[in-house]
1. Return the sequence-ordered ³J(HN,Hα) values of the range 148-158 in whole Hz as given by the Karplus equation 6.51 cos²θ - 1.76 cosθ + 1.60 applied to θ = phi - 60°, using x for Gly and Pro.
2. If Lys and Arg each add +1 and Asp and Glu each add -1, what is the summed charge of the other residues whose beta carbon sits under 10 Å from the beta carbon of V124?
3. Please compute the net charge surrounding R179, taking Lys and Arg as +1 and Asp and Glu as -1 over other residues with Cβ under 12 Å from its Cβ.
4. On a full-extension model of 0.36 nm per residue, what is the gain between T140 and S166, subtracting their alpha-carbon distance, rounded to one decimal in nm?
5. Taking amide H atoms as placed 1.01 Å from N in the peptide plane, list the residues 5 or more away in sequence, or in a different chain, whose amide H sits under 5 Å from that of G15.
6. For A247, what is the net charge nearby, where nearby means another residue's Cβ is under 12 Å from its Cβ and Lys, Arg count +1, Asp, Glu -1?
7. Could you pull out every residue, at least 5 positions away or on a different chain, whose amide H is within less than 5 Å of the one on L142? Hs are placed 1.01 Å off N in the peptide plane, and Pro or chain starts have none.
8. Per the helix-only calculation at 222 nm, which mean residue ellipticity applies to the chain, given -39500 (n - 2.57) for every DSSP H run of n ≥ 4 and division by its residues, nearest 500 deg cm²/dmol?
Amino acid sequence: MAPLTRFLGDRAIPGVESFDGISFRRSIRSEDGVPAVLELTPARTGDHVAIRIHGGDASRPNDATEAARRLFDLDADPSAIDLVLASDPALRPLVRATPGIRRPGSVDGFEMAVRAVLGQQVSVRAARTFAGRIAMTAGTRLGEPVADVTHLFPIPDQMIEADLRSVGLTGARAATVRRLSELVATGRLDLSGTADMRETVDALLAVPGIGRWTASYVAMRALRDGDAFPVEDLGVRLGFEALGLPATPAAIRDRAERWRPWRAYAVMHLWHADR
C-alpha cells in the first residue's frame, strides 16, 4: 500500500484531505449528503486497511466503506494483475519490488475530473494549491473538522457559482471547469463509474479543454478502468526512460499492449520506476 498512500498523500487537497505518513484522511458525503471524515490506515503488512469514520450517519456505514474501497482499489485482484505485468521482462523487476500495487481511485467522480483539469500542464504542487483554494472558496465547511480536514469539496452547483478566476485559474481553464460542472449538474455527464465507459469518455473529450490525457486520467481514477493508459503522460515517459526502453509515444503504445487489460496498474509502476 505504500506507493498508493504516498501517491494520495502527495496530491492531498489542503482542507479536504491530509496524510501524516501513516493515515490518509479526507472528507466525504453520504448518498444523503451527510458529511463525514474517512480515515484510512494501511496495516504494516499491507494486507488490509483499517477504516475509521468521524461523524456522518451512523446508520449508513456502508457509504464510507464503499468510498474506501473505491479510493484504495480494495476490490482488485493483485495476484492476477501481477501475473500479467510480470510476464514482460522489462516490468518484472518493478512488479517483484512492489507486488500487489493498487490503482488510486476516488470518492467522487466529479471532484476527480475537476482535479484532472487543474492538473493539466502544471506541477502536482500547483494543482493541489488550486484545488485547495477552490475548496476554501466554494466548498462547505465541516461542522466538526478533523485535524486538517475542514471542508467538503464543492458539488457541481457550488462550482457553477464560484468565482474561479479569483483562485488563479486562467479564463480557459475556468470555462472548462464550469462546463464540466454544468454537464454533471444537469445529468448529461455521469462520472459515477456506472455509466457506459466509452460514452463517458467520449462525453469528456467533447468538453473544450479536455484532451486524451485528462480523459484517460479520469477513466483510471474515477471510472475504475483498470486498462486506462495515458500514453503522453510525462511520468509514463520518464518511467520508460528509467527502464531503458524507447520512450516515443508510438513505442510506449506498442509496449503497453503487453500489459492489457491492466495497463493502469503498469502506470503506477512506471510512475515509481525512478524512485
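The values are calculated or read from the model by the stated rules, or taken from the named source; none is laboratory data. Keep in mind it's a predicted model, so treat the numbers as computed, not measured. Cβ coordinates were reconstructed from backbone atoms using ideal geometry, including for glycine residues, and neighbour counts include every protein chain displayed. Areas reflect the complete protein model, heavy atoms only, side chains present, ligands, DNA and RNA absent. Shrake-Rupley method; radii C 1.70, N 1.55, O 1.52, S 1.80 Å.
1. 8, 8, 10, 9, 8, 5, x, 7, x, 4, 5
2. Values: positive: R11, R125, R128; negative: D10.
Charge balance near V124 sits at +2.
3. Here the count lands on +2.
4. On the way: separation 26, 0.36 × 26 = 9.36 nm, distance 1.75 nm.
Once the chain is fully extended between T140 and S166, it gains 7.6 nm.
5. Here the answer is T150, since their amide H atoms fall under 5 Å of that of G15.
6. -1
7. H151, L152
8. On the way: 13 runs with 125 residues, N = 275.
The helix-only estimate for the chain comes to -13000 deg cm²/dmol at 222 nm.
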